[in-house]
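Structure, as structure tokens:
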Amino acid sequence: MPEDRYPHMSTSSSDPAQWVNLYGDYLFSIALLKVGNKETAEDLVQETFISAIKARDTFKQNSSVKTWLAAILKNKIVDYYRKKDVLKHVTEYIDDTQHGFSEAFFDTGNGHWLPETLPQEWHGSADEALNRNEFYAVLQYCIQKMPKKLVPVFTARFLDNEEADTICKEFNISTSNYWVIIHRAKLLMRNCLEKNWFLQSS
Amino acid sequence: MRLLSFLHRMIHSCEDATFLAVKKEEGKLTSREKTKLFFHLFICGICRRFVKQSRRLQKMGQSCHEKMHDHPAPFTLAPETQARMQEEIAKHL
């Protein structure tokens with residue numbers, strides 16, 4: 001019996017042989033939103049399961065297996081971005097793209113919104129959006145469309161609701177770069193969701 | 001005159017205001033920045049809308065994670081991928 005092999009994991013849902021069925025899609029969904037690529041997301045989920053089996057002694061019964069696996073996946077994703085060195089030369093990147101970015105959203109003369117990026121009144125409720133799978137597809141599309149350097153920081157803030165200090169340490173960036181990244185990412189995300197969701201649904 | 005045009009630019013930039021608004025969501029504004037944002041939002045309805053929507057997005061991000069945790073996941077693994085993972089797990093048991 002698997003339960004006997006892992007006595008500290010008391011229910012059958014803790015049996016690693018059940019993990020793919022029970023948690024595979026959940027972990028894959030998080031990974032896909034955060035890394036934007038199906039194969040990479042699958043690999044990260046796979047690695048999560050293997051690491052979890054190896055580290056099963058560290059599992060504490062006061063958290064659920066699902067939450068525990070999600071925490072392992074979260075660390076895997078941070079490692080993945082660190083190894084890829086996505087945030088290398090981020091200061092230079094920010095400087096080089098500053099003008100172009102401003103110009104895409106604002107009139108650089110008077111500092112106002114451009115007519116095409118001006119925030120519109122949204123239709124539909126946010127809660128309803130989150131109950132529809134189509135919304136997650138739009139969300140994934142908008143994250144994927146973002147410049148690569150913004151994604152790791154933005155998703156940590158947006159999906160994990162982490163704060164500046166934690167994220168700066170995780171990705172070894174300065175707080176001033178953090179604010180620029182979050183500002184740009186939020187402008188892009190707001191605009192993309194508006195065009196592809198909030199002005200589309202009724 | 002120069003002071004006036006400086007003030008004008010300082011208060012009128014929607015780019016600066018949205019930057020400060022995002023920073024404010026994490027409670028990281030200096031009192032000088034707070035004042036600047038306050039005056040901008042006083043005169044700019046569009047940025048007030050931005051502030052609301054940006055906060056709403058932040059809440060959505062959080063709920064999105066919770067929803068995925070408590071409800072069927074929005075994205076699914078292909079059956080052959082599931083089978084491959086299953087085999088890999090079996091090797092490590």
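Annotations for the structure displayed:
- 0 to 90° range, to nearest 10: angle between helix B:45-70 axis and chain B longest Cα axis: 20 degrees
- Across the protein assembly as shown: Cys residues that no other cysteine approaches within a C-beta distance under 4.7 Å: A:Cys168, B:Cys14, B:Cys64
- Taking max minus min of the alpha-carbon positions on each principal axis, the protein assembly as shown gives extents of 82, 42, 32 Å, largest first.
- A Cβ-based charge dipole, computed about the Cα centre of chain A with Lys and Arg at +1 and Asp and Glu at -1, lands at about 380 debye.
- Part-to-part distance (alpha-carbon centres) for segment B:56-78 and segment A:17-37, which is given in Å: 12 Å
- Put in line by how crowded their Cβ is, counting other Cβ atoms within 10 Å and starting with the fewest, B:Thr30, A:Thr108 read B:Thr30, A:Thr108.
- Cβ-Cβ FRET estimate between B:Phe39 and B:Glu87, R0 fixed at 51 Å, reported to 0.05: 0.20
- Under 5 Å from the amide H of A:Phe106 lie the amide H atoms of A:Leu114, each residue being 5 or more positions distant or on a separate chain, with H modelled from the backbone and absent for Pro and chain starts.
- For segment B:2-92, the pair-distance distribution built from all alpha carbon pairs, in bins 10 Å wide starting at 0, is 14, 29, 18, 13, 13, 10, 3, 0 percent.
- The calculated FRET efficiency for A:Glu92 paired with A:Leu114, based on their beta-carbon distance and R0 = 35 Å, is about 0.85.
- Over 25 Å apart at the Cα level, from the set A:Lys148/B:Lys36; A:Lys84/A:Lys145; A:Lys149/A:Lys169, are A:Lys148/B:Lys36.
- C-alpha long axis of helix A:90-105 to longest principal axis of chain A, angle in °: 50 degrees
- Going from the fewest other Cβ atoms within 10 Å to the most, the residues A:Asp85, A:Asp79, B:Asp16 appear in the order A:Asp85, A:Asp79, B:Asp16.
- Relative counts (whole %) of C-alpha pair distances in segment A:1-156, using bins that are 10 Å wide: 9, 28, 27, 21, 9, 5, 1, 0
- Rounded to 10°, Cα long-axis angle of helix B:31-43 versus longest principal axis of chain B: 80 degrees
- Here is the list for segment A:98-202: GluC sites (Glu not before Pro) lying in DSSP coil, each with at most 13 other C-beta atoms within 10 angstrom of its C-beta, are A:Glu116, A:Glu121.
- Which of A:Trp68, A:Asn172, A:Leu159, positive extreme of dipole for the protein assembly as shown (C-beta unit charges): A:Asn172
- Neighbour-count order for A:Thr40, B:Thr35, A:Thr48, fewest beta carbons within 10 angstrom listed first: B:Thr35, A:Thr40, A:Thr48
All of the numbers you see were taken from the coordinates with simple rules; none came from a lab. The structure presented is a predicted model; accordingly, all values stated were derived computationally and were not measured. Here Cβ is always computed from backbone atoms with ideal geometry, including for glycine, and neighbour counts include all displayed protein chains.
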